[in-house]
1. Could you run the Karplus curve 6.51 cos²θ - 1.76 cosθ + 1.60 with θ = phi - 60° over segment 37-52 and give me ³J(HN,Hα) per residue in whole Hz, x for Gly and Pro?
2. Which order, highest average first, do 22-28, 3-9, 39-45 follow once you tally other Cβ atoms within 10 Å for each residue and take the mean per peptide?
Amino acid sequence: MNWDDLRFILAVARHGTITDGARALRLNATTVSRRLRAMEEEAGTALFDKLKHGAVLTSAGEEIAAAAETIEEVANALDGRIIGLDAKLDGTLRVSAPHLPSGDGFATSVISAVATKASTLSSRPALRLPT
């Protein structure tokens, strides 16, 4: 089975009917039904019990749905970690702070931390401090 097939099982299981699962996938119910039938033929077992008012996972369907949820969680977590990874910020970072007496280490440490972070976000950080 491939991920594309697993999303059909999850949608129907989560929405309770082939029609509602298809709607969530933005597909035709006939397409979803056909794909589920093909998956059942490939697996050699029923994945859903089709009832008058919906579809309920069989024990085999529950096994596949549990695995599919894990795969979905891993895929979503991966997306969250890699989306925009190569995107770099560009431009000038302006930092302002209240006037502190000369020699106060607080402002220096804060500005140093901001500059360090800015350099990890941009290949060409520009830091402008008001004078």
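1. 4, 5, 5, 5, 5, 5, 6, x, 7, 6, 9, 9, 8, 8, 10, 4
2. Numbers: 22-28: 14.4, 3-9: 17.0, 39-45: 12.9.
Result, highest mean first: 3-9, 22-28, 39-45.
None of the figures in this text is laboratory data; all of them are computed from the coordinates on show. Source: prediction; values computed, not measured. Counting neighbours? That spans all protein chains shown, and the Cβs are built from the backbone with ideal geometry, glycine included.
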